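The values are calculated or read from the model by the stated rules, or taken from the named source; none is laboratory data. This is a predicted model, so every value here is computed, not measured. All Cβ positions, glycine included, derive from the backbone under ideal geometry; neighbour counts span all protein chains shown.
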C-alpha cells in the first residue's frame, strides 16, 4: 500500500498538495484525474521521492519514503514521468537494461538478462531492440520506457500521463498494456490520465484531484455520474450508457 | 511487430561486424602511430640502431621518446573520457572542460600557484590547478541549473562566457605580474618538453579514467536525467561529485603536463556516439582509443610538418578538431544533438 498522510507541498504561496491523506494500491489499476494544476504530478513526485513534501509522510508498504534508502525503494516502486527527453543515444536494449540497475548495479546476472528479454518480449520490442531511441516513433518510444519500468520489476508502477503525444491507436495500445500489467503480472498500477473515458474503460478505481485536494474517490460506476463529474471539472458533463459501459460526453 | 515501418528513419540497424572492423582499425592505428611516435625526432633512433646496441639511442628512447608517447596516449585517452563524462553529467553534447570554463579555472589555479608559491613542485601546481578545476566544474554546474536542459546551444555558450570571464581575470593578473609569457608556455598545448620525470602526473589522469570506466553504468544512468536516476535508486549527488573529481583531475594533470588541448573532449565522444551510441560502458573504450589515436596523430603532425622544428600541438589539434566539429554539425541528416 502507498499511504499519504496529511501531505502538503507548496510552491510559493500556492499549495500543489493541500493536506492530502490517501491510500493507493488496493486495486490493480487506479487512475488519477483532475484539471491542469490539480497536483497530480506533484503527488507522483512526492511518492517517487523526486521532491520532498513540506509536511506529512508518505509510506510504501509501511516504510517511510523519506527514510528508506533510495536503492531499496527502486526495487518496490517505479515512476515514469511525462515528457521523457533523453539526449543520449541509447538503444532500446540499453534503456531496458538500465531498468535492472536497482537489482544489478550494472553487473547483469542471468536473472537480470531474463527480465530484460521478458520485458522486451512483453512489449513486442524484439525487432527494435538495437534501434536507437531517436529512431523510434512516439508510440514505440513510450513502449520502450514502459519496458524499462517493467524490467525494474517493482510491485508498484506509477505512470504520469503515458498517453501524452500519442495517437488514438497507441493510446489504446498503452492502456491495454497497463491493464495487462495488472491482470497478468499482478502489478499495482497508478496512472495519471486526462481522458475520463479511458479511465472509466481501463481503471478499477478513479481518484480525482483539484486544487491540491482529493475531491472524488470512487470505483468506476460511482465515478461516472454527471453530478460527480460536473463538480470536478466545473462544467456540465453528460454520462451515457453505450454497450453497457458509461461514457462521458463533455464536448458540449 | 508491423509498425517497424512507422519509424521516422529507415536507418538500418547498426550491425556488429561493422563495429568490430572499426574497433580493429582504431586498435591498429593506435599501435602503428605509437610505434611511429617512438622513432620520429631529430636524433636518429631506429629499430636497427637499437638492435645494433646503440646505447645513446636506447637512452634517448627511454628518457624521451617512450615518455612522450605514453604521455600523448594517456592525455588523449583521459581527456576524451573527461569530455564524455561531462557530456553525460550535463546531458549536452557540446560541453567539455574547455567549453565550460573548467580549463580556464585550472589555468587560473596555475597562475595562483606561480604567484603565491613560486618554487612549488609540479605536483603542488597540479594540486592547486585541480582544486580550481573542481571549483570551476561546480560553478558551471550551478550556473547551468538556471538554463533549461533543452536549450542545447545555450549551455556551452554560458560555459564559454564563463571561461572568457575567468580567462580575462587570469590574463589581467598575469599581465600585471609579468607572468604572461610563462603562463603561455605552460598552457600552450605541446608535448615537446615531456621526458622522464615530467609526465608521470598523467597517471593521475589515467587513474581517473579507470574510475570513470568502473562507474560507467552510473554515468549512463545520470545521462538519463535526475528523475530517471532517482527512480533507479541512484545517489545522484554522489555520482555528480565523482564525475566532478574525474573531470577536474584529468583537466589539471593534462594542463600541467601538456597544456590546453582544445576540441578533443568534444569531437571524440561525438564521433563515438555516432558509431556505438552513448551507453558509457560500451563507448568508453572507444572514446579512450580514439582520443589516444587523435592526439598521437596530431602530435606526429606537429613534429613533422616543419621538421626539425615543432609547431605547437594545440595548433594542429585546433585546426583538425575544428574541422571535424564543423563536419559533425553540418553532416547530412545531423540531428544537431
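Here are a few things to note about the model shown:
- The listed residue being farther than 17 Å from residue B:164 by Cα and more than 14 Å from chain A (Cβ to nearest Cβ), out of B:131, B:139, B:135: B:131
- Residue within region A:222-238 that is part of a strand (DSSP E or B) and without any contact (Cβ under 8 Å) to a residue 24 or more places away in the chain present: yes
- So residue A:163, is it in a loop (DSSP other than H, G, I, E, B) and surrounded by fewer than 19 Cβ atoms within 10 Å (Cβ to Cβ): no
- Condition check for residue A:35 on (1) away from every other protein chain (no Cβ under 13 Å); (2) out of contact with any strand residue (DSSP E or B) (no Cβ under 9 Å at 6 or more places or on another chain); (3) closer than 24 Å to residue A:176 by Cα: one failure, at (2).
So that you can scan it fast, the table gives a plain yes or no per residue for (1) without any contact (Cβ under 8 Å) to a residue 40 or more places away in the chain; (2) over 22 Å from residue B:99 (Cβ atoms); (3) part of a loop (DSSP other than H, G, I, E, B):
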position: B:271; (1), (2), (3): no, no, no
position: B:278; (1), (2), (3): no, no, yes
position: B:281; (1), (2), (3): no, yes, no
position: B:290; (1), (2), (3): no, no, no
position: B:294; (1), (2), (3): no, no, no
position: B:311; (1), (2), (3): yes, yes, yes
position: B:316; (1), (2), (3): yes, no, no
position: B:328; (1), (2), (3): no, no, no
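- Criterion applied to B:231, B:279 was being more than 23 Å from residue B:160 (Cβ to Cβ), in contact with a strand residue (DSSP E or B) (Cβ under 9 Å, 6 or more places away or on another chain) and crowded, with 24+ Cβ neighbours inside 10 Å, and the one residue passing it is B:231.
- Scan region A:98-147 for residues that are facing another protein chain (nearest Cβ under 9 Å), in contact (Cβ under 8 Å) with a residue 12 or more places away in the chain and assigned to a helix (DSSP H, G or I) and the total you get is 7.
- Scanning region B:188-203 for residues that are surrounded by 21 or more Cβ atoms within 10 Å (Cβ to Cβ) and not in a loop (DSSP other than H, G, I, E, B) returns a single hit, B:202.
- Qualifying residue in region B:94-106 (condition: free of Cβ contacts under 8 Å to residues at least 40 places away in the same chain and in a helix (DSSP H, G or I)): no
- Region A:64-85 - residue that is facing another protein chain (nearest Cβ under 7 Å), assigned to a loop (DSSP other than H, G, I, E, B) and touching a helix residue (DSSP H, G or I) at 6+ places or on another chain (Cβ under 6 Å) and, of those, modelled with the lowest pLDDT: A:81
- Hits in region B:296-309 (condition: outside any helix (DSSP H, G or I) and within 13 Å of the chain's Cα centre (by Cα)): none
- Single condition residue B:251 does not satisfy, out of (1) within 14 Å of chain A (Cβ to nearest Cβ); (2) assigned to a helix (DSSP H, G or I): (1)
- In region A:60-74, the residue that is farthest from residue B:236 (Cα to Cα) out of those that are touching a residue at least 12 places away in the same chain (Cβ under 8 Å) and surrounded by 15 or more Cβ atoms within 10 Å (Cβ to Cβ) is A:60.
- Residue match in region B:63-82 (condition: within 14 Å of chain A (Cβ to nearest Cβ), buried (at least 24 other Cβ atoms within 10 Å of the Cβ) and under 25 Å from residue B:143 (Cβ atoms)): no
- Extreme residue, farthest from residue A:133 (Cα to Cα), among residues of region A:38-63 that are in a loop (DSSP other than H, G, I, E, B) and in contact with a strand residue (DSSP E or B) (Cβ under 6 Å, 6 or more places away or on another chain): A:54
- Condition check for residue B:155: within 14 Å of chain A (Cβ to nearest Cβ) and crowded, with 16+ Cβ neighbours inside 10 Å: yes
- Restricting attention to region A:211-231, the residues that are crowded, with 20+ Cβ neighbours inside 10 Å and at negative phi add up to 4.
- Only one entry in B:225, B:291, B:243 is modelled with pLDDT of 95 or more and either over 29 Å from residue B:191 (Cα atoms) or over 13 Å from the mean Cα position of the chain (by Cα) (or both), namely B:243.
- In this entry, residue A:185 passes the filter for residues that are under 20 Å from residue A:77 (Cβ atoms) and more than 15 Å from the chain's Cα centre (by Cα).
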